[in-house]
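Engineer: Okay, handing you the structure first.
The values are calculated or read from the model by the stated rules, or taken from the named source; none is laboratory data. Remember, predicted model here, so these are calculated numbers, not experimental data. For neighbour counting, all protein chains shown are included, and Cβ atoms are generated from backbone atoms with ideal geometry for every residue, glycine included.
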Amino acid sequence: MDLITVVVVNWNRRDLLRACLHSLAEQTYSNFEVVLVDNGSTDGSCEMAAREFGSRLHLQVVRNTENRGFCAANNQGILLASGKVIALLNNDAEAHPRWLELLTTAFADEQVGMAASKILVWEDPERIDKVGHLIYWDGQNRGRGSGERDHGQYDAVEEVLWPDGCAAMYRKSMLDEIGGFDEDFFAYADDAELGLRARIAGWKCLYVPQAIVRHHRGATLGVMSTRRLLLIERNRVLLAAKLFPWRLLWLNGVYYLARLAAGAWAAMRGKGEAGRFPGLIGKATVALTLLQADLAALRMMPKMFRKRKQLNKIRRLTSSEVIALMKRFRISLKELSEQAI
C-alpha cells in the first residue's frame, strides 16, 4: 500500500472541517497522511483539528496568517507531501470510507496522472455535483453530469478530461514534472488549468465512480457571491490565454459573446448562473461583475503569455490534438447557459 498524502485546505469552516476529517478517519485505506493547510481561520478550526483528530490521523497542520487562496494553500500541502500520490479533499466535503482505497486503483495505468471521484450533492445525495469536467470553447468549464439525478448513468470507469479539485487524486511524479496549481488563479478554475496543462503534457485522467464524496455546494463563498462570479470569469480568460491553441484563442471573443447571449436568454427564464440573481438590479450586478472580471484578466494577460511560452517544456500534444481532446469533452452551449454551478 503506497503512502497517500491527503491535502485539506481550510478557511473558517470548523464544523464542516470536523465532518471532513471524520470521514478521513473512517477510511479503509490505512497508509495515508493528512496535511491540513489553514488560511488564517479565526473560528478555532486548527485547535479543533489537533484536539479531536491528532491521535486519530497522521495529521500535520500548517497555519497561514492570511487567506492565501486555494491554489497557494494546496501547493504548500503538496510541497510537504511524502506520498506517491496526492489526494485533495475540500473541507466542505465528506468521503465514503472506501474513497482512498478505490480512487488509488486508477494509477495502475502508468499514463494516468489524475483520478476523478463521483461527487454528489451533500444535501441531496441522489443528485450529482460533478463526475469529471467538460469545457466550452471560450474556456468556461462545468462539472460533467452536474445537477442530474444519479441513476447509474455514470457508473463506468472511464477517461474524463480532468478531476474536480474538490475530491481529486494526482500522481506526485506528474506534479513534479508539470508543477502545481497556478497561484495567480487564487481560487476557481484552478483545477481546470492544472488538469488541462497535465493533459497537454500527455497525462490522462480516469474517473472511478465507486470513489464517492458528498459535497456542500458553494460553502466557501456562497452561490450568490459576486466575488465567486468574478473569479470564475477572470480565470476562464486566464486559462484560455495560457493554454489554448492560438487558432482557438483568436475566436475566444466570438464564443464568449455566444455564451453571453445564451446566458441572457436563460436568465430571462430564471435558468443558469445569472438566473439566481433576481430582477433588473440582479442582472445588472452580474453584467458589471463580468465586466470587472474581464478587465482584471486583461491586466494579467502579459503574465499569462509569459507562462504560455514555458508550456513547450512539458508539451506532448500538438495543437490539433488539444482541440480534438476539447471537442471530445466539450459541453454544449445550451447545457452550459442553463446550468448553475
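Engineer: Between 159, 193, 183, 177, which is buried (at least 21 other Cβ atoms within 10 Å of the Cβ), at pLDDT 95 or above and acidic (Asp, Glu)? Can you show your working first?
Structural biologist: Values: 159 fails: buried (at least 21 other Cβ atoms within 10 Å of the Cβ); 183 fails: buried (at least 21 other Cβ atoms within 10 Å of the Cβ); 177 fails: buried (at least 21 other Cβ atoms within 10 Å of the Cβ).
Result of the check over 159, 193, 183, 177: 193.
Engineer: Here are the criteria: (1) crowded, with 20+ Cβ neighbours inside 10 Å; (2) within 30 Å of residue 146 (Cα to Cα). Tell me which single one residue 111 does not satisfy.
Structural biologist: (1)
Engineer: Six or more apart or on different chains, Cβ under 6 Å: which pairs go from a residue in the range 14-33 that's within 15 Å of residue 55 (Cβ to Cβ) and surrounded by fewer than 17 Cβ atoms within 10 Å (Cβ to Cβ) to one that's at pLDDT 95 or above and among the aliphatic types (A, V, I, L, M)? Could you list them?
Structural biologist: 25/57
Engineer: Among the residues in the range 237-249, are any closer than 21 Å to residue 338 by Cα and modelled with pLDDT of 80 or more? Full working, then the answer.
Structural biologist: So in the range 237-249, the residues closer than 21 Å to residue 338 by Cα come out as 237.
Next, from what is left, pick out any that are modelled with pLDDT of 80 or more: 237.
Yes, the range 237-249 has at least one match.
Engineer: Just the residues that are in contact with an Asp or Glu (Cβ under 6 Å, 6 or more places away or on another chain) and surrounded by 23 or more Cβ atoms within 10 Å (Cβ to Cβ), please, taken from the range 73-108. Can you show your working first?
Structural biologist: The initial filter retains those residues of the range 73-108 that are in contact with an Asp or Glu (Cβ under 6 Å, 6 or more places away or on another chain), namely 84, 97.
Matches in the range 73-108: none.
Engineer: Okay, next question. Which of the residues spanning the range 325-334 are part of a helix (DSSP H, G or I) and either over 21 Å from residue 196 (Cα atoms) or modelled with pLDDT of 95 or more (or both)?
Structural biologist: Here is the first cut: in the range 325-334, the ones part of a helix (DSSP H, G or I) are 325-328, 333-334.
Listed by number, the residues that qualify are 325, 326, 327, 328, 334.
Engineer: If you don't mind, there's one more thing I want to ask. Taking interchain pairs and intrachain pairs at least six residues apart, which have beta carbon atoms under 9 angstrom, with the first residue in the range 147-158 and touching a residue at least 40 places away in the same chain (Cβ under 8 Å) and assigned by TED's automatic domain parsing to the domain that holds residue 126 and the second assigned to a loop (DSSP other than H, G, I, E, B) and not aliphatic (A, V, I, L, M)?
Structural biologist: Hits for this filter: 147/339; 154/132; 154/144; 154/145; 154/148; 158/132.
Engineer: Can we say residue 142 is modelled with pLDDT under 95, on the phi < 0 side of the Ramachandran plot, surrounded by fewer than 23 Cβ atoms within 10 Å (Cβ to Cβ) and basic (Lys, Arg)? Walk me through how you get there before you give the answer.
Structural biologist: Details: modelled with pLDDT under 95: yes; on the phi < 0 side of the Ramachandran plot: yes; surrounded by fewer than 23 Cβ atoms within 10 Å (Cβ to Cβ): yes; basic (Lys, Arg): yes.
Considered against the rule, which asks whether it is modelled with pLDDT under 95, on the phi < 0 side of the Ramachandran plot, surrounded by fewer than 23 Cβ atoms within 10 Å (Cβ to Cβ) and basic (Lys, Arg), residue 142 comes out as yes.
Engineer: I would also like to ask the following. Taking the range 169-184, which residues are closer than 18 Å to residue 133 by Cα and in contact with a Cys (Cβ under 9 Å, 6 or more places away or on another chain)? If you could, list the steps in order and put the result at the bottom.
Structural biologist: Step one: list which residues in the range 169-184 are closer than 18 Å to residue 133 by Cα, which gives 169-170, 181.
Within the range 169-184, 181 is the sole residue that qualifies.
Engineer: Considering only the range 196-218, I want to know if a residue exists there that is in contact with a Cys (Cβ under 9 Å, 6 or more places away or on another chain), assigned to a helix (DSSP H, G or I) and among the charged types (D, E, K, R).
Structural biologist: Yes - at least one qualifying residue is present in the range 196-218.
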